[in-house]
Amino acid sequence: MFECAVCGFKQSRTDLIDEVFRVDDDYVLVQGIPAQVCGRCGEQSFSLETADSVRRAVAGGIPPLRSVEMRVFAFDPEEVSGATNI
């Protein structure tokens, strides 16, 4: 039975999601991961089997579909207009 680890809500939906993972100094995007998504807060969670499959895939078990360039930014609240303190 599902229970959200963030908000405790007990209803979820199954969805396919995309997630970025950091592997050493690289970032990889895995698309179409089956996940449970909390019906209240949207928190996403994977089964242990799915998490293990993702780990094997990004460790070199499956060749990537393609590579893309990614822009990288460092957050600086003084450079971003309208930023607020959290």
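The values are calculated or read from the model by the stated rules, or taken from the named source; none is laboratory data. Please read these numbers as outputs of a predicted model, since none were measured by experiment. Reconstructed Cβ throughout: ideal geometry from the backbone, glycine too, with neighbour counts over all protein chains shown. Side chains included, ligands, DNA and RNA excluded: accessible areas come from the protein's heavy atoms. Shrake-Rupley method; radii C 1.70, N 1.55, O 1.52, S 1.80 Å.
Of note:
- Test: D18 is more than 30 Å from F2 (Cα to Cα), acidic (D, E) and free of Cβ contacts under 8 Å to residues at least 40 places away in the same chain: no
- Of the residues screened, R56 is not one that is in contact (Cβ under 8 Å) with a residue 12 or more places away in the chain, exposed (fewer than 12 other Cβ atoms within 10 Å of the Cβ), of a type outside the set (G, A, S) and not in a loop (DSSP other than H, G, I, E, B).
- Of all residues in region 35-45, those satisfying the criterion of being in a strand (DSSP E or B) and hydrophobic (A, V, I, L, M, F, W, C) are A35, V37, C38.
- Residue count for region 7-34, restricted to those that are open to solvent by 100 Å² or more (accessible area, probe 1.4 Å) and assigned to a loop (DSSP other than H, G, I, E, B): 4.
- Candidates R71, R55, R66, R40 - the one that is modelled with pLDDT under 95 and closer than 23 Å to T14 by Cα: R55
- The listed residue being out of contact with any strand residue (DSSP E or B) (no Cβ under 6 Å at 6 or more places or on another chain), open to solvent by less than 100 Å² (accessible area, probe 1.4 Å) and either β-branched (V, I, T) or without any contact (Cβ under 8 Å) to a residue 24 or more places away in the chain (or both), out of V68, V37, V80: V80
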